[in-house]
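Undergrad: Dropping a structure here in structure tokens format, bear with me for questions.
The values are calculated or read from the model by the stated rules, or taken from the named source; none is laboratory data. Quick caveat, the model's predicted, so the values are computed rather than measured. So basically every Cβ, Gly included, is an ideal-geometry build from the backbone, and we count neighbours across all protein chains shown. Surface accessibility is based on the protein's heavy atoms, side chains included, excluding ligands, DNA and RNA. Shrake-Rupley method; radii C 1.70, N 1.55, O 1.52, S 1.80 Å.
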Amino acid sequence: MHKQTVVKMVSACFVTLGLAVGIATSQPQHSKASTQTTQFISKLGPSVKSVANSYKLYPSVMMAQAALESGWGSSTLSTSANNYFGVKGAYNGQSVTMSTAEYDSNGQLYYTDAQFKKYPSIKASMTDNAQLLRNGISGNPSFYSGTWRENASTYEDAANALTGKYATAPNYGQSLINLIQTYSLDALDSGGSTGGSSANADKITYNSASSNQTATLSSAFRKYAVYNHVTGSGYKTTKYAWKTLGGWTGRPVWLDNRAYKSRSKTNWYRIRFSKQTTAKKYWVYAKVLSFPSTKYSTAKATGTLSTTKNYVYNHVYNSSYLAKVLTTTDQLGASKVAISQKATHVQNGLTSIWYKVTADQTTGWVEAPAFSKIK
């Protein structure tokens, strides 16, 4: 909320500080979902989608805020007052007094007691938060207009628009983005994976992925436009021309999401023109891009994993499917794994070998150096 009046609870600050550590690295980040986080997302999901969509906000950002501000529902403020967004004041005359952490104008953290709203239900807390973002503050109804879907082309834009306004923490927006990407909260933004209201509209399935995968613009990229959302989705779509963005065959782009439209059987990708994850993002049809070569073959074998930590992905990294971290080899709980497929991946003249493995009820792709022996 307004940086002079609302801040995160102490428990939420610890979440923010912990997540911020992993953002700066270029390596894929992974936090294994716990029972607590899974139950939290499942419990709040339907109401978050309903409320956020009613006020034309991003459900993913609302869920991330609720998780961050309440410490995944573990803060005293959320358990005793149904206040999941750290909102100060009184709600219908009801409030509680608690200790909170704030940042001063010099960025220094300090603690103080404050009065926070007490809600009759979690949904009331969500609705009050949504109304604040839509209606703004006294004297400035557009104070949070950067979070509105018609103004924010991506959830990243909406999250970053909260920094310095909703909370005083300088890394607030980035912490929300990290939560969204770690727990695939952007799946909530798909409107139930269905785009549009027409009976003939495509069903759209979103597949979030590790954010530093790359492709290049194909020789046919100029035949297709660029959009802020997948065409046919439930969101207001803005079309961009390449002459306003710049482009040439072979220009590198970074990707972090793939959308599959089931009726038309087409893939779309969310791209950005910078390695920085905060860069503006766009959606393009698959034929706009050229991907590295990946060839698959059957490979029935057994592999022995080395003791070093390696990522396990749901697809070959940097393939056209786009890959997301599932776990790490040291978390599989087994040194020997069953191998069912082999992939030869060629990018920029460099060849890498990948194997599809199954162990400890997890099936994913691991790069060859992760093994000490294959037979």
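Undergrad: Counting alpha carbon pairs within less than 8 Å and at least 6 residues apart, what relative contact order, in whole percent, applies to segment 84-176?
TA: On the way: 124 pairs, mean separation 19.2, N = 93.
Answer for segment 84-176 is 21 percent.
Undergrad: Taking the Cα atoms of segment 237-375, report the difference between the largest and smallest coordinate on each principal axis, in whole Å and largest first.
TA: 52, 34, 28
Undergrad: With a 1.4 Å probe and all protein chains left in place, how much of the accessible area of the chain comes from carbon and sulfur atoms, in whole percent? Numbers along the way, then the final one.
TA: Numbers: 8250 of 16970 Å².
Whole-percent figure for carbon plus sulfur exposure: 49.
Undergrad: Of LYS117, LYS223, which has the most accessible area with a 1.4 Å probe, and how do the rest follow in descending order?
TA: Working: LYS117 35, LYS223 160 Å².
Largest accessible area first, the list is LYS223, LYS117.
Undergrad: May I pose another question? Helix 35-54: angle to the longest alpha-carbon principal axis of the chain, degrees 0 to 90, nearest 10?
TA: 70
Undergrad: In terms of modelled amide H atoms, which long-range or inter-chain residues lie less than 5 Å from the amide H of ALA299?
TA: GLN341, LYS342
Undergrad: For the peptides 251-262, 92-103, what is the packing order when you average, over each peptide's residues, the other Cβ atoms within 10 Å and list the highest mean first?
TA: Packing proxy ranking, top to bottom: 251-262, 92-103.
Undergrad: Moving on to the next point. Let me make sure I get this right: for segment 37-81, a, b and c are the square roots of the gyration tensor eigenvalues over alpha carbons, sorted descending. Under 1.5 in a/c it's rounded, otherwise prolate if a/b > b/c, else oblate. Which is it?
TA: prolate
Undergrad: Per the Cauchy relation, a quarter of the hull surface: what is the mean projected area of the convex hull of the alpha carbons in the chain, in nm²?
TA: Here the figure is 20.8 nm², rounded to one decimal.
Undergrad: Next question, about the same structure. When all protein chains stay in place, what accessible area (Å², nearest 10, 1.4 Å probe) is found for LYS356?
TA: Result for LYS356: roughly 60 Å² accessible.
Undergrad: Just the number please: accessible area per residue for the chain, 1.4 Å probe, all protein chains included, in Å².
TA: Per residue, the chain has an accessible area of 45 Å².
Undergrad: Hey, another quick one. What is the sum of charges, Lys and Arg at +1 and Asp and Glu at -1, for the other residues whose Cβ falls under 13 Å from the Cβ of SER145?
TA: Net charge in that neighbourhood comes out at +2.
Undergrad: Next question. Taking 8 Å as the Cα distance limit and 6 or more residues as the minimum spacing, I'd like the relative contact order of the chain as a percentage.
TA: Reported relative contact order: 13 percent.
Undergrad: Quick one: angle between helix 10-23 and the longest Cα principal axis of the chain, in degrees between 0 and 90, rounded to 10, please.
TA: 30
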